[in-house]
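Undergrad: Mind looking over this structure? Questions follow.
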Amino acid sequence: MYGDEATVRRILTELGDTWAVVGLSANQSRVAHRVALVLQRYGKRIVPVHPRAETVHGEPGYASLADIPFDVDVVDVFVNSELAGAVADEAVAKGARAVWFQLGVVDEAAHERTRAAGLDMVMDRCPAIEFPLVR
C-alpha cells in the first residue's frame, strides 16, 4: 500500500481544493478525463496539465506545472511510471502540498524524494475511488 488511510483522507479533505491533473486532455476516452470530472463533483478545482494545454471541463490548461500562474495544492499524476518521478519533482518545485500517483503509477524513489521534501504522497490509488470512502 502506497499511502496510509490517514494520508489519503488528509489529501482528499484537508490539503486544499486546487488539483493540477497532469496528463489531462480533452480526450473523453481517457481515465483522467473522467476522474477530473469526479474531482470537480467533490468541489475540487481542476487544472489540466498537458503539452497541448487544452481547456477541459471548463478549466484552461497549461503545458506544464511551471506554467500555472497560481498555487496548486495537489498534483494528480496520470503519466506512466517512467515519467512520474520527474512530475513529482516538478510538484515539489511548484510548492504543492501533495502528490497523487494514479492506479498503476509507481516510483519508489520519487515517493521517497517527495516525502523527504515534506509533501504527502499516495501512489497506485485513485481519488475517484477513494472519495466516497472518506466522506
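Undergrad: State whether segment 73-135 is rounded, prolate or oblate according to the following rule on the C-alpha gyration tensor (a ≥ b ≥ c being the square roots of its eigenvalues): a/c under 1.5 gives rounded; otherwise a/b larger than b/c gives prolate, and the remaining case gives oblate.
TA: oblate
Undergrad: Is the C-alpha gyration tensor of segment 23-62 telling us rounded, prolate or oblate? Criteria: a/c under 1.5 is rounded; beyond that, a/b larger than b/c is prolate, otherwise oblate.
TA: oblate
Undergrad: Provide the net charge surrounding V87, with neighbours chosen by a C-beta distance below 13 Å and charges set as Lys +1, Arg +1, Asp -1, Glu -1.
TA: So the environment of V87 carries a net charge of -3.
Undergrad: Can I ask one more? Find the relative contact order for the chain and round it to a whole percent, using C-alpha pairs within less than 8 Å whose residues are 6+ positions apart.
TA: Relative CO of the chain lands at 25 percent.
Undergrad: Using label points projected 7 Å from each Cα along Cα→Cβ, tell me how many nm separate S64 and N80, to one decimal.
TA: It is 2.1 nm.
Undergrad: Would you calculate a helix-derived [θ] at 222 nm for the chain, using -39,500 (n - 2.57) for each DSSP H run of n ≥ 4 and dividing by the full residue count, to the nearest 500?
TA: About -11000 deg cm²/dmol.
Undergrad: Classify the chain from the C-alpha gyration tensor, please: rounded if a/c falls under 1.5, else prolate or oblate depending on whether a/b exceeds b/c.
TA: Rounded, since a/c falls under 1.5.
Laboratory data are not the source of any read-out in this text; all were calculated from the coordinates shown. Model, not experiment: these values are computed from the prediction. Every residue, glycine as well, gets a Cβ built from its backbone with ideal geometry; the counts of neighbours run over all protein chains shown.
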